[in-house]
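Notes follow the structure.
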Amino acid sequence: MKLEDIKITMLGTTGAGKTSYLLGMYAVMQTGIQGFTIATDDMDLDLELTERWEKLISETGADRWPTPNAATMEYYGFGFSYGFRPLMGFQWLDYRGLALSDRSTEQDVAELVQYLMESKCLFVCISGEHLVDTITPRTVRELKSDRMNQFIQQYISATKNPTPHNPFPIAIVITKYDLCHHRDKEEIIADVQKLFQALFTPNSGWLVMICPVSLGKDLCEDIDHAKIVPVNVHLPVVFAAYAQLRAYGIKLKANRDRQLLAIDVIKQANPLIQLLKNSELDEQTTQLQNCETEITTVEENMKLLSSELQQVSLYFSGSEVTADV
């Protein structure tokens, strides 16, 4: 089973930790979670990401951290596998955080919007430094959450609206969670929901995960010298894969229902019609068996991924849910 390759957009301002998160996620997923691994399409890129990660975990001082992305756009291609068997591919976009504040006439802004339109999952990156205390109107300005909402609106205006039957997955990734972990978890979730209210409205069709991530719980005490120990960095990608499997499973089950109906129609026909359509019945039966096998495989993979998602807050059309199969 190989699913359609997807694009993932991660929205976030300069300093939100998008690049550091990417390095941490790749390092963790190289080893793997529950048999799921990530690898780049390019061996040279693998070497580059690994070297940048080694610098981050081995050096101390301000130089350990990636400099703000000055390039217009950087694209990364990854393969998501189970037991080293390819499951899906995805392309990742890293860009200047300042693009969120630029005019739409700027080239990188136009490229970002176009990439977003083609994406199958969105990561909204907000830094824990802005959630140290209860949010204020100033928080909105610093996080650019109003601008992120505008980008989401652009997606809706140009593509089909999400629905309960065809949801769109969004991971709200709270980077540098070590800076705000002293607050009550429910308070932080409530603040996040205020920043992105539209994503939590009833019957909206948004599948939303709120996920705290950190490169180390002690970094809040000493950012330049504390040990790097990633926490939860794999979960947004796990969520993206889970959402694609979920959508694919829904399509497979709809196809199964159509096949069952077609087989039932033939079986209900008179004996002569049944005889004439015997080969068609055999073909439909074989297709049904193949579909059932694929559904079973999808559900087994979803079960493994959903076990990882039990530790995050998940919402579907405004209601809190658990990752199911």
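The values are calculated or read from the model by the stated rules, or taken from the named source; none is laboratory data. Note that the structure is predicted; figures quoted are calculated from it, not measured. Cβ atoms come from the backbone with ideal geometry, glycine included; neighbour counts cover every protein chain shown. Heads up: the accessible areas ignore ligands, DNA and RNA and are worked out on the full protein's heavy atoms, side chains in. Shrake-Rupley method; radii C 1.70, N 1.55, O 1.52, S 1.80 Å.
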*Magnitude of the Cβ-charge dipole of the chain, K/R +1 and D/E -1, about the Cα centre, nearest 20 debye?*
900
*When the accessible area of the chain is split by element with a 1.4 Å probe, what percent falls to carbon and sulfur?*
51
*What accessible area per residue, rounded to a whole number of Å², is obtained for segment 270-314 using a probe radius of 1.4 Å?*
61
*Of PRO162, PRO66, LEU56, whose Cα points farthest to the positive end of the dipole of the chain (charges on the beta-carbon: +1 Lys, Arg; -1 Asp, Glu; origin at the Cα centre)?*
PRO162
*If you work out mean projected area of the Cα convex hull in nm² from the coordinates, which of [x] 17.7; [y] 15.1; [z] 18.8 do you get?*
[z]
*Rounded to the nearest whole Å², what accessible area per residue is found for segment 1-66 with the 1.4 Å probe?*
46
_Per-q log10 I(q)/I(0), segment 216-325, q = 0.11, 0.15 Å⁻¹ (Debye; single scatterer per alpha-carbon; no solvent)_ = -0.57, -0.79
*Show LYS267, LYS277 ordered by accessible area, largest first, where the area counts protein heavy atoms only and the probe is 1.4 Å.*
LYS267, LYS277
*If the chain between HIS225 and GLN153 were fully stretched, how many nm would it gain, using 0.36 nm times the residue separation less the Cα-Cα distance?*
21.9 nm
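Given contacts defined as C-alpha pairs under 8 Å and at least six residues apart, what's the relative contact order of the chain, whole-number percent? Could the numbers behind the result be given before it?
Numbers: 519 pairs, mean separation 58.7, N = 325.
18 percent.
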_Distance between modelled label sites at ALA198 and LYS253, nm, 7 Å Cα→Cβ extension_ = 2.9
